[in-house]
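Every read-out reported here was derived from the displayed coordinates using simple, explicitly stated rules and does not represent laboratory data. Note that this is a predicted model, so its numbers are computed, not measured. Here the Cβ is made from the backbone with ideal geometry for all residues, glycine too, and neighbour counts use every protein chain on show.
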Amino acid sequence: PLPRQGLPSPGKGLNLLVVGIDSRKGVTPQEKERFRLGGKECDCTDVMMLVHVSARNDRVDVVSLPRDSLVSFPDPHRDRRTGKLHQAHQAKINGAWAEGGSAYAVEVVEAATGLPVHRYLEIDFRRFMDTVDRVDGGVPICTEKALVDPATGIDLQPGTRPVGGGEALQYVRSRKADGEMDFGRIRKQQKFVVNTLEQLREGVLNDPGRLRRLAATLRGTGAAERGISATELLELAARLRDLPADRTRFATVPVRGFNPVVEGVGSTVGWDEKGAAEVFRRLREDRSLPAADEVAASKVPAAAYRPASGASLICP
């Protein structure tokens, strides 16, 4: 294959798929106990965010894809765990990585959204904690009500305080404390991304050495299909250095409700077909996300489609 010529600049914008892997590789026994990481790994993508950077680098739209979204896996494909050749079948979107690795996760997301994925970034528990720990002073978390989740061990009282890598991981994994299930967890993840970027703007982005170390930690050393390199992460940071916080918007793909149980798959989330199609059409055309009132209401209140400006998510 021809060597890559750096981060691409597509005419309709750059699409980066960011996934968080439920993997404890490299996590110490002490950390597993302290941060409640002793459960069984799902060998799947717990987090999937599609990041669209406009062609003019003047807007970023981030769309989270719920891990239990029901999608069709294209055929034919070989299961990397069993070697079995699969035909097309329905499955949860977070199983694509488990079934076929990074390349297949990219293929499934492209098929489900109709968007080309130009670059891919994979983050496991170890890399997430180490990256957060490279942010001086930690990342602030703002909670309006007490957040106590026995499943992850998070225990935050109302207010704002900074957290390091382990506690940050507890926060972005928490979904049982607020009654909003995975949709509440997605919003926590989005808020955390916003607050992390804000902390980086205040120091790291103006320190080339620290920025290189941060990019190397976030990227890791694993090979992945269309994996973004540490150098390309630095190039992306340079492109977006002067982007105001309110030019980044976050949303979850419009959700209709929960599907009837699918045999062999279980309980799944069903996208609102018209709303999802409109979201992805806008991104394909390099236009901003539709407003909340342009998308039909979800049958699940917690899954309401509500694009939020990055500036509005920052803790006071």
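Compute, for the chain, the length of the dipole vector about the Cα centre, with Cβ point charges of +1 (Lys, Arg) and -1 (Asp, Glu) only. Units Debye, rounded to 20. Provide the component values of the computation, followed by the final result.
Details: 47 positive and 42 negative charges, 69 e Å.
So the dipole magnitude of the chain works out to roughly 340 debye.
Give, in whole angstrom and from largest to smallest, the semi-axes √(5λ) of the equivalent ellipsoid of region 187-308, with λ running over the eigenvalues of the Cα gyration tensor.
33, 19, 14
In what order do 52, 89, 118 fall by count of nearby beta-carbon atoms within 10 Å, going from fewest to most?
Fewest-to-most ranking of 52, 89, 118: 89, 118, 52.
Using the per-residue mean of other Cβ atoms lying within 10 Å as a proxy for protection, in what order, highest first, do the peptides 44-51, 56-63 fall?
Top to bottom by mean Cβ count within 10 Å: 44-51, 56-63.
Kirkwood hydrodynamic radius, the chain, all distinct C-alpha pairs: what's the number in Å?
Roughly 20.1 Å, rounded to one decimal.
Projected onto the charge dipole of region 14-313 (+1 at Lys/Arg Cβ, -1 at Asp/Glu Cβ, origin at the Cα centre), which of 313, 23, 147 gives the Cα projection farthest towards the positive end?
23
Based on the Cβ-Cβ distance from residue 309 to residue 284, what FRET efficiency comes out when R0 is 22 Å, to the nearest 0.05?
0.50
Just in region 111-195: which GluC sites (Glu not before Pro) are loop by DSSP and have at most 13 other Cβ atoms within 10 Å?
Filter output for region 111-195: 144.
Rank by packing, highest mean first: peptides 299-312, 27-40, with packing defined as the count of other Cβ atoms within 10 Å averaged across residues.
299-312, 27-40
Can you give the calculated 222 nm mean residue ellipticity of the chain, where each DSSP H run of n ≥ 4 adds -39,500 (n - 2.57) and the sum is split over every residue, rounded to the nearest 500 deg cm²/dmol?
When only DSSP H runs of four or more count, the value is -9500 deg cm²/dmol.
Fully extended, how many nm does the chain gain between residue 213 and residue 75 (0.36 nm per residue separation, minus their Cα-Cα distance)?
45.7 nm
Once R0 is set to 25 Å, what does the formula 1/(1 + (r/R0)^6) return for the Cβ-Cβ distance between residue 226 and residue 133, expressed as a FRET efficiency to the nearest 0.05?
On the way: r = 27 Å, r/R0 = 1.10.
With a Förster radius of 25 Å, E is 0.35.
Mind listing which trypsin sites (Lys or Arg not before Pro) in region 235-296 are in a DSSP loop and have 10 or fewer other Cβ atoms within 10 Å?
none
Once amide H atoms are built 1.01 Å from N in the peptide plane, which residues 5 or more positions from residue 255, or in another chain, come under 5 Å H to H?
Sorted by chain and number, the residues that satisfy this are 272, 305.
Any of 40/191; 274/299; 12/92 with alpha carbons more than 21 Å apart? Name them for me. List each step's numbers first, then the result.
Details: 40/191 27 Å; 274/299 14 Å; 12/92 29 Å.
Beyond 21 Å: 40/191; 12/92.
What is the local net charge at residue 243, summed over the other residues whose Cβ is closer than 13 Å to its Cβ (Lys, Arg +1; Asp, Glu -1)? Each step should come with its number before you reach the end.
Values: positive: 56, 59, 201, 239, 241, 247, 249; negative: 58, 61, 198, 242, 246.
Summing Lys/Arg as +1 and Asp/Glu as -1 gives +2.
Which of the aspartates and glutamates could a cross-linker span from residue 188 if the Cα-Cα distance has to be under 14 Å and same-chain partners fewer than 8 positions apart are dropped?
Answer for residue 188, where 14 Å is the Cα cut-off: 46, 144, 149, 167, 178, 180, listed by chain and number.
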